[in-house]
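The values are calculated or read from the model by the stated rules, or taken from the named source; none is laboratory data. The structure displayed is predicted, hence computed values, not measured ones. For neighbour counting, all protein chains shown are included, and Cβ atoms are generated from backbone atoms with ideal geometry for every residue, glycine included. Just so you know, the surface numbers come from the protein's heavy atoms only, side chains and all, with ligands and any DNA or RNA stripped out. Shrake-Rupley method; radii C 1.70, N 1.55, O 1.52, S 1.80 Å.
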Amino acid sequence: MLAHCGDGIVDSDEDCDSGDGNSDEVADACRTTCVEAFCGDGVVDTGESCDKGDLNSDDVPGACRTNCALASCGDGILDDGEECDSGDGNSDEVADACRTTCVEAYCGDGIIDSGEDCDDSGESETCNADCTVSTCGDGVHNSTSGEDCDDGGDSESCTANCTVSTCGDGYINIEAGETCDATGVETESCNLDCTVAVCGDGYVNVLAGEECDDGGESGTCNANCTFSSCGDGYLNVTAGETCDFGGESSSCDSDCTSAECGDGHVNTLAGEVCDDGGDSSSCDADCTAAVCGDGYVNILAGEACDDAGDSSTCDSDCTVVLCGDGHVNTLAGEFCDDAGESSSCNADCTEAVCGDGIVNGSAGEECDDVGESSSCNADCTVSWCGDGIVNNSAGEECDDGGESSSCTSNCTISACGDGIVNGSAGEECDDAGESSSCNANCTNSACGDGIVNNSAGEDCDDAGESNICNLDCSNAACGDGILNLTSGELCDDGGFSSSCDIDCTPSVCGDGMLNTAAGEGCDDGNTVSGDGCDSSCVPECQGHLMDPGNGIVGCWYTAPSVGMTCNQVCASHGGFNVAASTHTGNEVGKYFWPSKAEGSDWEVIECSSTDNNTNWGANGLTADGNWSHGACHVNCACNY
């Protein structure tokens, strides 16, 4: 075998060879090229901080350096987070040099750099924090040098001698708004706030003879700096005065406002009886006393209306007419009004009488259908089987107040075979004849014993449901009305029902199976409208929609041949619509047969004849779907 790198023997052209121990991933290992581990081989070996192989760089910020050292401040390369890096040129002593922390030279680093007058590593008595020489008036506040403030001269808060400006310090600081400064003492000419004393300056100076000073006229102070008072003969508009004649007059109230009805001030000299500033419970807006019946509606006095007595809309007590308010107002059509239902008065203010069609519970009525109905007895009690009252309208044959030997609990005459179990008559069961669970004499039969019992009417008995036998021992068949899950039925209502198709699957509009019991008039296998059957499986009219004059829009067709009846014409259109077809006139015939002559109203059905070529009108009597004539094309309204 020829010598090769990886055979474990160091050949003349190899630095090392550890055989299977050669690795390009293990630190300090002999590499697979039989050279010793080295900086730049991509593996962090002993003495190396990093090694990215070909990505090692002395130019790229943040990169592992070519000597396998991590990027650092002082390596001469500007890395992320560094403001500068001059390598060995970094210095904390040389002016303007990059600092040893790799930040640019800055004011406060203790070295006087270009543009700096001084640098004491912060504020000192002679050097400001911005590295300028400290001087009062330089605009830089230097507390170390004894300055309270320094705004570069007088300012609103600081004097030119670098002390805080204060009214009363004896120094007039115009920038601080001072026009005088009497060293904290008020004088006839100078206020305590260091302003010249003037009436109207907003400062009360008693030594200047002022009672008040609101900077001009105010609600409490006149413009001449005297206190404002209604009746002082001085008109003060700001104080709300519109007049001031030293007392009440026909044009001026005593509160110095102009006399006006509605101002809330009773001025008898102006002819007012009362004045509550508008309507109140005792005073009308026209300043007269509020009285129900004065013809003026005062809502605050509790009036909802005021027609000066009873009217069709207003009671004499000034309340709106309302049945149930306890006030009988015959002009509003009330017979009685007991503030609601009572034993003698209905809630609609009519006399309470059983049979009036209004249920009056206070009169003991449970219902009132103007006589006996399917839900209400003639004595105005709710009809229910078992109440002891025979109600023929409710379909009762008998009512013994419950089950008896002659009357069932559903109020039909009891008889074995009537489908109702009557224990009082000795029945154990009653399936309206022999069944898998009940004999013809109304005694129980046993199904489910695993034995076919023909005398009990059993077709089969598999001791429970199977795919061929139902739980009631009848043969399993879709459409038998018995749900047999074992045979794969999802439903079984004995044919079509509101929820089940004839194939024992749930009824769904659009399944292509017409289920009238589910309310479908059609089912064309989709839920798209406009094809004769709409998206809800309701047939769409394929004939002509029109109102023949009876107020009913019908779906009209004309017979394709003479001698046909409307029942025949409508057989494929949902049946004959009697109500829509009952009318007078020949409007439909004129639509379908416009060339035929005008005829009079003749029969119960419109006839467009062939023997005399005339459109004969319907006579308004109830339309007969079986009417026909050998010479007539009948015109019929169908259900669709």
When all protein chains stay in place, what accessible area (Å², nearest 10, 1.4 Å probe) is found for PHE38?
100 Å²
With a probe of 1.4 Å, find how much accessible area the chain has per residue, and write the answer as a whole number in Å².
51 Å²
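Taking the Cα centre of the range 115-242 as origin, work out the dipole magnitude from +1 charges on Lys and Arg Cβ and -1 charges on Asp and Glu Cβ, in debye rounded to 20.
Around 660 debye, computed over the range 115-242.
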How many percent of the accessible area of the chain is carbon or sulfur, using a 1.4 Å probe?
51 percent
Counting alpha carbon pairs within less than 8 Å and at least 6 residues apart, what relative contact order, in whole percent, applies to the chain?
3 percent
Hey, what do the phi angles of the range 409-420 turn into as Karplus ³J(HN,Hα) couplings, whole Hz, using 6.51/-1.76/1.60 and θ = phi - 60°, x for Gly and Pro?
5, 9, 6, 10, 5, 6, 7, 4, x, 8, x, 10
Across bins of 10 angstrom width beginning at 0, how are the C-alpha pair distances of the chain distributed, in whole percent?
3, 7, 6, 7, 8, 8, 7, 6, 8, 11, 14, 11, 4, 0, 0
For the range 123-231, state what percent of all Cα-Cα pairs lands in each successive 5 Å bin, counting from 0 Å until the bin that includes the largest distance.
3, 13, 17, 13, 12, 10, 9, 7, 6, 5, 3, 2, 0, 0
In the chain, taking the dipole from +1 charges on Lys and Arg beta carbons and -1 charges on Asp and Glu beta carbons about the Cα centre, the listed residue (MET513, VAL43, SER12) farthest towards the positive end is MET513
Only four residue types carry charge here, +1 at the Cβ of Lys and Arg and -1 at the Cβ of Asp and Glu. Report the dipole size of the chain about the Cα centre in Debye, rounded to the nearest 20.
5120 debye
Which semi-axis lengths, in whole Å and largest first, follow from the square roots of five times the eigenvalues of the Cα gyration tensor of the range 482-640?
40, 15, 12
Determine ³J(HN,Hα), in whole Hz, for all residues of the range 575-584 in sequence, where each value follows from phi through the Karplus function 6.51 cos²θ - 1.76 cosθ + 1.60 and θ = phi - 60°; x replaces Gly and Pro.
x, 7, 9, 5, 4, 5, 7, 7, 6, 10
Percent relative contact order for the range 557-640, counting Cα pairs under 8 Å at least six residues apart, stands at 44 percent
Using a 7 Å offset from the Cα along the Cα-to-Cβ direction at both ASP611 and ALA432, what is the distance between the two label points in nm, to one decimal?
4.9 nm
Unit charges at the beta carbon, dipole of the chain: most positive-side option, ASN222, ASN205, ASN454:
ASN454
Interchain or long-range residues, amide H under 5 Å from ASP24's placed H:
THR32
Per the helix-only model, the chain has a calculated mean residue ellipticity at 222 nm (DSSP H runs of ≥4, -39500 (n - 2.57) each, divided over all residues, rounded to the nearest 500) of -500 deg cm²/dmol
Which of GLY240, HIS327, VAL538 sits closest to the plus end of the dipole of the chain, meaning its Cα is farthest towards the positive end, when Lys and Arg get +1 and Asp and Glu get -1 on the C-beta?
VAL538
The range 15-166 - percent relative contact order, Cα under 8 Å, separation 6 or more:
8 percent
Can you list, bin by bin at 5 Å, the percent of alpha carbon pairs in the range 20-70, starting at 0?
5, 27, 29, 19, 12, 6, 2, 0
Hand me the GluC sites (Glu not before Pro) from the range 206-294 located in a DSSP loop with no more than 16 other Cβ atoms within 10 Å, in residue order please.
GLU211, GLU260
Sorted by chain and then number, the residues having a modelled amide H within less than 5 Å of the amide H of CYS221, at least 5 places away or on another chain, are SER228
If you project the alpha carbons of the range 1-153 onto the principal axes, what extent comes out on each, in Å, largest first?
99, 21, 19
Quick one: Karplus J couplings for the range 492-506, per residue in order, coefficients 6.51, -1.76, 1.60, θ = phi - 60°, nearest Hz, x for Gly and Pro?
7, 10, x, x, 5, 9, 5, 10, 9, 7, 5, 8, 6, 10, x
Could you pull out every residue, at least 5 positions away or on a different chain, whose amide H is within less than 5 Å of the one on CYS376? Hs are placed 1.01 Å off N in the peptide plane, and Pro or chain starts have none.
SER383
